[in-house]
Amino acid sequence: MYSRFVAGEAEALADFLAGEPWPFHVHERVDRADVLQRVAENHYDETYWIEADGERAGIVRLFDLEDETPMFDLRISARHRGKGLGRSAVRWLTDRLFGEFPHVERIEGTTRQDNAAMRRVFRRCGYVKEAHYRRAWPDASGHRHDSVGYAIIRRDWQTGETTVPDFHDE
Ligand SMILES: CC(C)(COP(=O)(O)OP(=O)(O)OC[C@H]1O[C@@H](n2cnc3c(N)ncnc32)[C@H](O)[C@@H]1OP(=O)(O)O)[C@@H](O)C(=O)NCCC(=O)NCCS
(Lines give C-alpha, C1' and ligand atoms only; values in the text may rest on other atoms or scores of the structure.)
Protein backbone atom coordinates (compact mmCIF):
# COMPACT_ATOMS: atom_id res chain seq x y z
CA MET A 1 0.00 0.00 0.00
CA TYR A 2 2.97 2.36 0.57
CA SER A 3 5.86 2.24 -1.84
CA ARG A 4 8.89 4.38 -1.60
CA PHE A 5 9.31 6.98 -4.32
CA VAL A 6 12.53 6.64 -6.33
CA ALA A 7 14.11 9.35 -8.46
CA GLY A 8 13.37 7.37 -11.64
CA GLU A 9 9.67 8.12 -11.00
CA ALA A 10 10.19 11.88 -11.17
CA GLU A 11 7.92 12.33 -14.21
CA ALA A 12 5.13 10.37 -12.55
CA LEU A 13 5.46 12.45 -9.38
CA ALA A 14 5.40 15.68 -11.41
CA ASP A 15 2.27 14.47 -13.24
CA PHE A 16 0.62 13.57 -9.95
CA LEU A 17 1.37 16.85 -8.18
CA ALA A 18 0.72 19.13 -11.17
CA GLY A 19 -2.34 17.17 -12.21
CA GLU A 20 -4.82 18.83 -9.87
CA PRO A 21 -5.11 21.83 -7.53
CA TRP A 22 -4.29 21.53 -3.82
CA PRO A 23 -6.52 24.21 -2.32
CA PHE A 24 -5.30 23.84 1.24
CA HIS A 25 -1.65 24.24 0.38
CA VAL A 26 0.16 27.56 0.25
CA HIS A 27 0.80 26.97 -3.46
CA GLU A 28 -2.47 25.65 -4.83
CA ARG A 29 -0.94 24.79 -8.21
CA VAL A 30 2.27 22.80 -8.40
CA ASP A 31 4.60 23.43 -11.31
CA ARG A 32 5.91 20.31 -13.08
CA ALA A 33 9.37 21.78 -13.66
CA ASP A 34 9.66 22.68 -9.97
CA VAL A 35 8.93 19.09 -8.99
CA LEU A 36 11.57 17.75 -11.37
CA GLN A 37 14.11 20.21 -10.01
CA ARG A 38 13.28 19.34 -6.42
CA VAL A 39 13.63 15.62 -7.16
CA ALA A 40 17.14 16.36 -8.43
CA GLU A 41 17.81 18.23 -5.17
CA ASN A 42 16.70 15.19 -3.07
CA HIS A 43 13.68 17.02 -1.70
CA TYR A 44 11.56 13.89 -2.07
CA ASP A 45 14.04 11.48 -0.47
CA GLU A 46 11.55 10.17 2.11
CA THR A 47 8.43 10.15 -0.01
CA TYR A 48 5.94 7.32 -0.39
CA TRP A 49 3.19 6.63 -2.89
CA ILE A 50 -0.11 5.72 -1.30
CA GLU A 51 -1.63 3.05 -3.50
CA ALA A 52 -5.31 2.12 -3.58
CA ASP A 53 -7.42 0.20 -6.06
CA GLY A 54 -4.26 -0.61 -8.03
CA GLU A 55 -3.36 3.02 -8.63
CA ARG A 56 -1.41 5.87 -7.09
CA ALA A 57 -3.94 7.64 -4.92
CA GLY A 58 -1.69 9.92 -2.93
CA ILE A 59 1.72 10.78 -1.59
CA VAL A 60 3.21 11.37 1.79
CA ARG A 61 6.54 13.13 2.19
CA LEU A 62 8.35 12.94 5.52
CA PHE A 63 10.87 15.64 6.32
CA ASP A 64 13.14 16.97 9.07
CA LEU A 65 13.76 13.33 10.03
CA GLU A 66 17.02 14.22 11.75
CA ASP A 67 15.11 16.46 14.19
CA GLU A 68 13.30 15.37 17.34
CA THR A 69 10.16 16.67 15.65
CA PRO A 70 9.80 15.54 12.04
CA MET A 71 6.93 16.78 9.88
CA PHE A 72 5.03 15.51 6.86
CA ASP A 73 3.12 16.58 3.78
CA LEU A 74 0.12 14.43 2.88
CA ARG A 75 -1.90 14.66 -0.32
CA ILE A 76 -4.67 12.35 -1.45
CA SER A 77 -5.98 12.81 -4.98
CA ALA A 78 -9.51 14.33 -4.96
CA ARG A 79 -11.23 11.21 -6.30
CA HIS A 80 -9.71 9.03 -3.58
CA ARG A 81 -10.61 11.25 -0.63
CA GLY A 82 -13.08 10.32 2.06
CA LYS A 83 -12.25 6.60 1.95
CA GLY A 84 -9.98 6.42 4.96
CA LEU A 85 -6.68 6.73 3.11
CA GLY A 86 -5.63 9.91 4.92
CA ARG A 87 -6.29 8.38 8.32
CA SER A 88 -4.42 5.17 7.44
CA ALA A 89 -1.48 7.12 6.09
CA VAL A 90 -1.09 9.22 9.25
CA ARG A 91 -1.31 6.10 11.43
CA TRP A 92 1.26 4.40 9.22
CA LEU A 93 3.75 7.28 9.25
CA THR A 94 3.31 7.80 13.01
CA ASP A 95 4.09 4.13 13.72
CA ARG A 96 7.01 4.24 11.33
CA LEU A 97 8.59 7.44 12.72
CA PHE A 98 8.28 6.46 16.38
CA GLY A 99 9.05 2.79 15.68
CA GLU A 100 12.14 3.25 13.53
CA PHE A 101 13.64 6.52 14.78
CA PRO A 102 14.35 6.38 18.52
CA HIS A 103 15.34 10.07 18.64
CA VAL A 104 11.90 11.20 17.47
CA GLU A 105 9.92 12.64 20.39
CA ARG A 106 7.13 14.45 18.59
CA ILE A 107 5.56 14.58 15.14
CA GLU A 108 3.99 17.84 14.04
CA GLY A 109 1.67 19.03 11.34
CA THR A 110 0.14 22.38 10.51
CA THR A 111 -2.90 23.01 8.39
CA ARG A 112 -5.33 25.75 7.45
CA GLN A 113 -8.10 26.31 9.95
CA ASP A 114 -10.81 25.46 7.40
CA ASN A 115 -9.21 22.15 6.36
CA ALA A 116 -11.83 20.11 8.21
CA ALA A 117 -10.77 16.79 6.71
CA MET A 118 -7.14 17.13 7.75
CA ARG A 119 -8.07 18.33 11.24
CA ARG A 120 -10.33 15.31 11.63
CA VAL A 121 -7.53 13.01 10.48
CA PHE A 122 -5.15 14.50 13.06
CA ARG A 123 -7.62 13.99 15.86
CA ARG A 124 -8.54 10.46 14.82
CA CYS A 125 -4.84 9.56 14.85
CA GLY A 126 -4.12 10.81 18.38
CA TYR A 127 -2.71 14.21 17.45
CA VAL A 128 -3.81 17.15 19.58
CA LYS A 129 -4.10 20.81 18.75
CA GLU A 130 -1.14 22.68 20.24
CA ALA A 131 -1.13 25.93 18.33
CA HIS A 132 -3.38 28.45 16.68
CA TYR A 133 -1.80 31.11 14.46
CA ARG A 134 -4.16 33.96 13.64
CA ARG A 135 -4.19 35.29 10.06
CA ALA A 136 -0.98 33.39 9.36
CA TRP A 137 -1.94 31.73 6.08
CA PRO A 138 -2.60 34.00 3.10
CA ASP A 139 -4.29 32.29 0.16
CA ALA A 140 -3.84 33.15 -3.52
CA SER A 141 -6.57 35.80 -3.36
CA GLY A 142 -4.84 37.51 -0.43
CA HIS A 143 -7.39 36.37 2.15
CA ARG A 144 -5.64 35.56 5.41
CA HIS A 145 -6.72 32.34 7.10
CA ASP A 146 -5.77 31.19 10.56
CA SER A 147 -3.59 28.10 10.73
CA VAL A 148 -3.56 25.40 13.37
CA GLY A 149 -0.80 23.13 14.60
CA TYR A 150 -1.23 19.56 15.80
CA ALA A 151 1.26 17.12 17.29
CA ILE A 152 1.56 13.69 18.83
CA ILE A 153 4.19 12.89 21.45
CA ARG A 154 5.99 9.58 21.82
CA ARG A 155 4.59 8.95 25.28
CA ASP A 156 1.00 9.19 24.04
CA TRP A 157 1.82 6.92 21.12
CA GLN A 158 3.27 4.36 23.54
CA THR A 159 0.43 4.46 26.07
CA GLY A 160 -2.46 5.02 23.69
CA GLU A 161 -3.56 7.97 25.83
CA THR A 162 -4.17 11.43 24.42
CA THR A 163 -2.85 14.14 26.71
CA VAL A 164 -3.40 17.85 26.10
CA PRO A 165 -1.16 20.90 26.56
CA ASP A 166 -1.54 23.06 29.65
CA PHE A 167 -3.13 26.01 27.90
CA HIS A 168 -4.62 27.68 30.98
CA ASP A 169 -1.33 28.39 32.69
CA GLU A 170 -1.58 32.19 32.90
C1 LIG B 1 -6.87 15.98 4.15
C2 LIG B 1 -6.76 14.60 3.51
C3 LIG B 1 -5.33 14.10 3.59
C4 LIG B 1 -7.69 13.63 4.28
O5 LIG B 1 -7.60 12.35 3.70
P6 LIG B 1 -8.90 11.52 3.34
O7 LIG B 1 -8.45 10.20 2.83
O8 LIG B 1 -9.76 12.33 2.44
O9 LIG B 1 -9.60 11.40 4.76
P10 LIG B 1 -10.26 10.10 5.43
O11 LIG B 1 -11.13 9.43 4.42
O12 LIG B 1 -9.17 9.30 6.06
O13 LIG B 1 -11.19 10.79 6.52
C14 LIG B 1 -10.79 11.00 7.82
C15 LIG B 1 -11.90 11.68 8.56
O16 LIG B 1 -12.14 12.99 8.01
C17 LIG B 1 -13.51 13.12 7.69
N18 LIG B 1 -13.60 13.95 6.49
C19 LIG B 1 -13.19 13.62 5.26
N20 LIG B 1 -13.43 14.65 4.42
C21 LIG B 1 -14.01 15.61 5.16
C22 LIG B 1 -14.48 16.92 4.87
N23 LIG B 1 -14.37 17.44 3.64
N24 LIG B 1 -15.02 17.64 5.87
C25 LIG B 1 -15.10 17.14 7.13
N26 LIG B 1 -14.65 15.91 7.47
C27 LIG B 1 -14.11 15.17 6.48
C28 LIG B 1 -13.99 11.73 7.41
O29 LIG B 1 -15.40 11.64 7.59
C30 LIG B 1 -13.22 10.96 8.45
O31 LIG B 1 -13.84 11.13 9.70
P32 LIG B 1 -14.20 9.83 10.57
O33 LIG B 1 -12.88 9.15 10.82
O34 LIG B 1 -14.82 10.39 11.79
O35 LIG B 1 -15.12 9.02 9.72
C36 LIG B 1 -7.22 14.63 2.02
O37 LIG B 1 -8.56 15.06 1.97
C38 LIG B 1 -6.35 15.51 1.14
O39 LIG B 1 -5.35 15.07 0.63
N40 LIG B 1 -6.76 16.76 0.94
C41 LIG B 1 -6.04 17.68 0.11
C42 LIG B 1 -4.61 17.92 0.56
C43 LIG B 1 -4.56 18.37 2.00
O44 LIG B 1 -5.36 19.17 2.46
N45 LIG B 1 -3.54 17.86 2.71
C46 LIG B 1 -3.29 18.21 4.07
C47 LIG B 1 -2.43 19.42 4.10
S48 LIG B 1 -1.82 19.76 5.73
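What Rg and what Dmax come out for the range 64-170 when only alpha-carbon atoms are used, in angstroms?
Both quantities, over Cα of the range 64-170: 14.6, 46 Å.
What is the magnitude of the charge dipole of the chain about its Cα centre, with +1 placed on the Cβ of each Lys and Arg, -1 on the Cβ of each Asp and Glu, and no other charges, expressed in debye to the nearest 20? It would help to have the intermediate numbers written out before the result.
On the way: 25 positive and 31 negative charges, 161 e Å.
So the dipole magnitude of the chain works out to roughly 780 debye.
Could you please tell me the mean projected area of the C-alpha convex hull for the range 1-60, averaged over all directions and given in square nanometres to one decimal?
On the way: hull surface 16.4 nm².
Averaged projected hull area, Cα only: 4.1 nm².
Using the heavy atoms of the protein chains and a 1.4 angstrom probe, tell me the accessible area per residue for the chain in square angstrom.
Working: 9680 Å² over 170 residues.
Solvent-accessible surface per residue comes out at 57 Å².
Go through ILE76, VAL39, LEU65 and say which Cα lies farthest out towards the positive end of the charge dipole of the range 2-159; charges sit on Cβ, +1 for Lys and Arg, -1 for Asp and Glu.
ILE76
Counting Lys and Arg as +1 and Asp and Glu as -1, what is the net charge of the other residues whose Cβ lies under 13 Å from the Cβ of LEU97?
Numbers: positive: ARG61, ARG91, ARG96, ARG106, ARG154; negative: GLU46, ASP64, GLU66, ASP67, GLU68, ASP95, GLU100, GLU105, GLU108.
That works out to -4.
Sorting HIS143, HIS132 by accessible area (1.4 Å probe), largest first, what list results?
Working: HIS143 105, HIS132 75 Å².
Highest to lowest solvent-accessible surface, that is HIS143, HIS132.
At 1.4 Å probe size, with the rest of the protein present, what percent of the exposed accessible area of the range 34-122 is carbon and sulfur atoms? If you can, show how the numbers build up before the last one.
Numbers: 1820 of 4270 Å².
Roughly 43 percent, rounded to a whole number.
Please report the accessible area of TYR133 (heavy atoms, 1.4 Å probe, ligands and nucleic acids excluded) in Å², nearest 10.
My reading of the accessible area for TYR133 is about 110 Å².
Which whole-number percentage describes the relative contact order of the chain, with Cα contacts under 8 Å and a sequence gap of 6 or more? Each step should come with its number before you reach the end.
Working: 247 pairs, mean separation 27.8, N = 170.
About 16 percent, as a whole number.
Excluding ligands and nucleic acids, what accessible area in Å² is computed for ILE152 using a 1.4 Å probe, to the nearest 10?
Its accessible surface works out to 10 Å², give or take rounding.
The values are calculated or read from the model by the stated rules, or taken from the named source; none is laboratory data. Small disclaimer: the values here were computed from a predicted structure and weren't measured. Every residue, glycine as well, gets a Cβ built from its backbone with ideal geometry; the counts of neighbours run over all protein chains shown. The protein model used for the area step is the full one, side chains on, heavy atoms only, and it has no ligands, DNA or RNA in it. Shrake-Rupley method; radii C 1.70, N 1.55, O 1.52, S 1.80 Å.
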